[in-house]
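Before any comments, here is the structure.
The values are calculated or read from the model by the stated rules, or taken from the named source; none is laboratory data. Since this is a predicted model, take the numbers as computed values, not measurements. Don't worry about glycine lacking a Cβ; one is built from the backbone with ideal geometry, like all the others, and counts go over all protein chains shown. For the accessible areas, the whole protein counts, side chains as well, though only heavy atoms, and no ligand, DNA or RNA atoms are used. Shrake-Rupley method; radii C 1.70, N 1.55, O 1.52, S 1.80 Å.
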Amino acid sequence: MNARDAFVKEFGTEPAGLWAAPGRVNLIGEHTDYNDGFVLPFALPQRTVAAVGPAPAGEWTVCSTFADEAVSFGLTQPGEVTGWAAYVAGVVWSLHENGFEVPGARIAIDSEVPLGSGLSSSAALESSVLTALIDLGGLDLPVERRPVIAQRAENDYVGAPTGILDQSASIRCREGHALFLDCRSYEVEQIPFDLAAEGLAILVINSNAPHQHVDGEYGARRKSCEQAAAILGVPALRDITGAELEGALARLDDEVMRRRVRHIVTEDDRVLETVQLLKAGQVREIGSLLTASHASMRDDFEITVPQVDIAVETALEVGAYGARMTGGGFGGCVLALIDADKADVVTAAVEQAYAEAGFTPPTAWTVTAGAGAGKL
Ligand code: GLA
C-alpha cells in the first residue's frame, strides 16, 4: 500500500497532497557535522512519502504503512509521544517552539528508505512531514532554515544528539548533485555529480549488521571531540587546519582523543579535496579519498565493524576506485565507487566474502543522486 491509499483507508477521504523527502548517502565527511565542519551528501532515490490533509487546529493524527495503529496527539512536550510517531510529534513541537502556527493535520506515511541502515530514514520522515506542514499552513520558512527545525525535533524531542547532516541532505539536496555543506554557516554549494556520464556508479552495500550500542557510542564520540576543542581553545575542531594538526595533537595527553581529533581534521580536508576534484571533473580520483576516509573511521574514530571493513576491502580487491562506510557507523552501509558495469561483480564478491565469514548476507544496489524534499 502507498501513502495515498493508507490515507484514504484511515481517514476515508483524499489527502490534500503528497510530500516526499529522501534518505541520503554521505559521499564523504563523517562525524564532521557536529564539529562545525564540512560534509558532502547526496539524496537517495529512495524516499519517504507523507500524504497529508487538514484537521481541526491543535489536532494531529498520523498512521503509516509500517505500523498497525494510528497515533493522535495535540501539542505535546518532548517524551510524550514515543516510537516512530515521536519524529512527527517532534516536528510539530519544533515548529511551534520556533513561533510558527502549525496547522492541524492528518498524515499517512509510507517509506522506501531502509530503516536503521544509516541512510537517514528518520530525517526523511521528519523532512517529509515538515515540508508538508509548511506548505499546508502557508508558513514563511525559507528552505535554508528548515533543516535546523527538523534537527531540533530529533535532538530535543526524540533525544538523539545528532548533527545537521541528515536533515540538510534530505531537504536541500538537488537531483544530479552532491551537496557541499558548511555545517557552521549552513552555506551550501551544489556540486554536479552525474556518474552515469562518466560510466561510473555508486554501489550501496547494506551490511545488514545489527546496530549495537549505537546511541552511546555516537554521544561518546561527540563528547570527546567537544572536550578536545575545549582543551585546544577553539570553538570546534573545524578550526584546526591540516597544517595545525601536528601541533594540536602534541597538546593533547590522551591517545584516544588524539585519534578522534586526527579523524575530524583530516576528514574535513578530504571533503574539501573531494569537492575540488569533482569540480575539475576528476571523478575517479576521489576514490583514494573515500578509501582514506574509511581507514580513518576504522583506525582513528573507531566506528566501523568487521562487516563494513570486509565490504570495503572486498570492493577494492575487485576493482572499486574507492570505498567507505557511510553514516554514523557501527554497521549500516558502505558505498563503493565503481565502473557502472561492475555492480554485479562487486556485489557477488561481497556476498561471497560475507558467506565465508558467516555474516548475514548483504544487500546491494546502485544509486544516483536524487531530489530533495518537495511536493509531488
Ligand atoms: C548520523 C548523524 C549525523 C552525522 C552522521 C555521521 O547520521 O545523524 O548528524 O553525525 O551520523 O557523519
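Structural remarks
- Computed over region 240-310, the ratio Rg/Rh where both radii use C-alpha atoms and Rh is Kirkwood: 1.04
- Shape parameters for the chain, alpha-carbon atoms, Rg then Dmax in Å: 20.6, 66
- Theoretical FRET efficiency, 1/(1+(r/R0)^6), r = Cβ-Cβ of ASP5 and VAL148, R0 25 Å, to 0.05: 0.15
- On a per residue basis, region 286-328 carries 29 Å² of accessible surface, using protein heavy atoms and a 1.4 Å probe.
- Spatial separation of Cα centroids for region 1-49 and region 318-350, in angstrom: 23 Å
- Cα centroid of region 186-262 to Cα centroid of region 108-171, whole Å: 22 Å
- Pairs of Cα atoms farther than 22 Å apart, region 35-134, %: 30 percent
- The length gained by stretching the chain between ASP339 and ASP135 to full extension, at 0.36 nm per residue less their Cα-Cα distance, is 69.4 nm.
- In this simple spin-label model, placing a label point 7 Å from the Cα along the Cα-to-Cβ direction at both THR266 and ALA16 gives a separation of 5.1 nm.
- GNM result for the chain, Cα springs below 10 Å: residue of SER207, SER121, SER224 fluctuating most strongly: SER224
- Taking only protein heavy atoms and a 1.4 Å probe, the accessible area of the chain is 48% carbon and sulfur.
- Angle in degrees between helix 343-357 and the longest Cα principal axis of the chain, rounded to the nearest 10: 80 degrees
- Accessible surface area normalised per residue over region 185-270 is 49 Å², counting heavy atoms of protein chains with a 1.4 Å rolling probe.
- Just checking the listed ones, ALA150, ALA108, ALA349: in the Gaussian network model of the chain with Cα springs under 10 Å, the one fluctuating most is ALA349.
- Structural size metrics of region 137-184, computed from C-alpha coordinates, are Rg and Dmax of 11.7, 33 Å.
- Estimated inter-spin distance, ASP254 and GLU285, nm [label 7 Å along Cα→Cβ]: 3.9 nm
- Evaluating 6.51 cos²θ - 1.76 cosθ + 1.60 at θ = phi - 60° for every residue in region 274-290, the Karplus couplings come out as 4, 4, 4, 5, 4, 5, 7, x, 9, 6, 4, 5, 6, x, 5, 5, 4 Hz, glycine and proline recorded as x.
- Between ALA70 and ALA243, the contour length at 0.36 nm per residue exceeds the Cα-Cα span by 56.8 nm.
- Choice from ASP110, ASP253, ASP33 with maximal GNM fluctuation in the chain (Cα, 10 Å cutoff): ASP253
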